[in-house]
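Q: Just passing along the structure, written as C-alpha cells.
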2 protein chains.
Amino acid sequence: MRAIGRAVSTNKGGQTKAAILQTALDMFRESGYEETTMRAIAERAGVSLGNAYYYFHSKEHLIQAFYHLTHEQHLEASIPRLEKEKTLKARLLAVMRLKIETLQPYHQFAGVLFKTAAHPESPLNPFADASDPVRQASIQLFENVVDGSNAHIPKDLRTELPYLLWVYHMGVILFWIHDASPNQRRTYRLIEQTVDLLDRLISLAGNPLMRSMRKKALRLVAELKEGMPENEDKD
Amino acid sequence: MRAIGRAVSTNKGGQTKAAILQTALDMFRESGYEETTMRAIAERAGVSLGNAYYYFHSKEHLIQAFYHLTHEQHLEASIPRLEKEKTLKARLLAVMRLKIETLQPYHQFAGVLFKTAAHPESPLNPFADASDPVRQASIQLFENVVDGSNAHIPKDLRTELPYLLWVYHMGVILFWIHDASPNQRRTYRLIEQTVDLLDRLISLAGNPLMRSMRKKALRLVAELKEGMPENEDKD
DNA sequence: ATTCGTAGTTGAACGTGTTCAAATGTGTCA
DNA sequence: TGACACATTTGAACACGTTCAACTACGAAT
C-alpha cells in the first residue's frame, strides 16, 4: 500500500512527473529526440524548465522512462499471445514481432536508444550490470518464452537461453533502428528468418556432436556475465 | 592544374588539420571525450574555435578520424603477424589481440565510440552503408585473415566470412569498452574463447548436417547487407 | 496560530557544441 | 603590379542541456 498508495495521496509531484513524461514522449514521436528541447517540453507541459529537471535528472533519463513504458506495453501485448502458442519457435516469433510493433510509433527517434545503449549505466547495454530492474523484467519475458514452450532443451542451455535471446532481441532492435524500408519490412524478414534459424540451432544443440562446443560456449557466457558489474572475482 | 601547387597550398591547411587532430586525441586520452571541449582543443592547438570547425565539421568527426587512425595502426601491426601465422585460428586470434592492444591507450574515452556507432552515418554501425572507405578497409583486413589461411571453408561461407568476422570484432570492442577488469583481462579471455569457438564452428560448417542451415543463414546475410545502403543522408 | 521542514517550483546564469558573416591570407591571371 | 578568386582564420552570437540559489506551498509539530 505504501509504494503504490503514495501515488494517490502525495500525488502532486507524481502528476507533474507523469505530465512531463507524457508530453516529452508525444513530442519525441512528433518531432524526434534531438529536435525536441527541454524548454519546449517544459513549456508544453506547463511547468518551468527547472521543474522538468527536478523530476528527470537529464534528457536521457526520459529515454530510460520511455524504455520502461514500452517494455510494459510489450509485456501486456505478449501475455495473451504466449498463452496460445506452445512451440518455442511460435512463441519467440510472436514476442519479437510484438516488440517491433510496440516500438513502431517511435521509429524515427529510436536512434538515440542505442546512443544510450552504449553507456555503461544504461539498462540496454548488454554487458552492464544485470541488476537493473527494467532489464531484468525484459529478460524475464524471454524466460517465460522458453519455460512455457514444449521444446526439448539441454538444461545448461535452458539456463542461459533467456539472456541470450534478450541479447539477440537487442540486436534486432539495432537493426530495426537503421531499417528505412517501408514499414520496416526488412526487420520483419530478419525476425522470421533468424527465429527459424535459432529454433533449428537450439534443436541441434542437443546433438552429441555439439555437446563440447555448447558446454564451452555456455560456460563462457556464464563466466562473463557474472563479473560484469564491478565484481572482481577470480578462480 | 595545381599538381605542384597543391603540395604547398594544401599543406598549410593539412598541417593545421593534423595539428588539431593530434591535439584532440592527446586530450581525449588524457581527460576523456566529454571533458575535452572544442575550445580547449582549439586553444592548445593554437587555432581559433571556428578554425577547428573548418576542418572538423563536428566533434564527432574527430572520432571518425580517430577510428581511421587506429585502424591504420592496427593494420600496420597486423601485417607482419599475419605473415607468420597460417591457421585461421592463429591469424584471427592475433588480429583480435592486436586490435585491443591498439585501442588500449584510449580505453577510458572509448565509450563514445559506440555512442556514435549507433548513428546511421557512422562507419562503425554494422548495418549502415558498406561503402564507407574506413569500414571497407577494416573488413578487408578480415578478408586477408581468411584468404591467407589454409583452412578449408565452404565457398559460400568464405564469401561472407570477412564481414561476419568484422561484425564479431565490433561486438568484442563493445565488450571491451565496458570491461573494467585490470588490463582488460576479461576481454582477452573473451577473445581466446570465442576465437576457438568460431574456429570450431567454421570447421563444422562444412558438415552435411549443417548445410541447409548454413545456406539459409548466408543467404539472409547477403540479402540484408545488400539492401541497407539506401542512405539518403541530408547534410 | 505559529513555526518549521520538506517537497515542489522558478528563472536566471553557465558552459557547451555549433554557426556565420566578415576579415585575412595566398596563389593566379591580366 | 593590381585585381580577382579561393582557402583559411577569426570571434561574436546562438540555442541548447544543465545547475543552482532562492522562492512558494503545505502538512506536521509545538
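Taken together, the values in this text are just the output of simple stated rules run on the coordinates, not laboratory data. Just so it is clear, the structure is predicted and the values come from calculations on it, not from any experiment. All Cβ positions, glycine included, derive from the backbone under ideal geometry; neighbour counts span all protein chains shown.
Q: With the cut-off at 32 Å, tell me which of the pairs A:215/B:99; A:99/A:155; A:155/B:215; A:155/B:89; B:17/B:86; B:12/B:59 have Cα atoms farther apart than that.
A: Beyond 32 Å: B:17/B:86.
Q: Would you mind listing the distances between the residue A:140 label point and the same position in each other copy? Use 7 Å along Cα-to-C-beta, nm, one decimal, shortest first.
A: Here the equivalent label points are 5.1 nm apart from this one.
Q: Under the convention of a label 7 Å out along Cα→Cβ, give the distances in nm from residue B:14 to the same position in every other copy, shortest first.
A: 6.6
Q: With θ taken as phi - 60° and the coefficients 6.51, -1.76 and 1.60, list the Karplus ³J(HN,Hα) couplings across the stretch B:196-208 in order, rounded to whole Hz; mark glycine and proline as x.
A: Values, residue by residue: 4, 5, 4, 4, 5, 4, 5, 4, 5, 4, x, 4, x Hz.
Q: Starting from the 7 Å offset along Cα-to-Cβ, what nm value, one decimal, do you get for the label separation of residue B:150 and residue A:44?
A: Label-label distance for residue B:150 and residue A:44, simple model: 6.5 nm.
Q: If you count, for every residue in A:170-183, the Cβ atoms of partner chains within 10 Å of its Cβ, what is the mean? Show your work: numbers first, answer last.
A: Working: counts 0, 4, 0, 0, 5, 4, 1, 5, 10, 5, 6, 3, 0, 0.
Mean number of neighbouring Cβ atoms from other chains: 3.
Q: Multiply the residue gap between residue A:197 and residue A:160 by 0.36 nm, knock off their C-alpha separation, and tell me the result in nm, one decimal place. Write out the running numbers ahead of the final one.
A: On the way: separation 37, 0.36 × 37 = 13.32 nm, distance 1.77 nm.
Contour length minus Cα-Cα distance gives 11.5 nm.
Q: State, to one decimal in nm and shortest first, how far the label point of residue B:225 sits from each corresponding label point in the other identical copies (label point: 7 angstrom along Cα-to-Cβ).
A: The answer, with the shortest distance listed first, is 3.1 nm.
Q: Across the residues of A:21-27, average count of Cβ atoms on other protein chains within 10 Å?
A: The per-residue average across the peptide is 0.
Q: Per-residue counts of other Cβ atoms within 10 Å, averaged by peptide: what ranking do you get for B:73-86, A:30-43, A:184-197, highest first?
A: A:184-197, A:30-43, B:73-86
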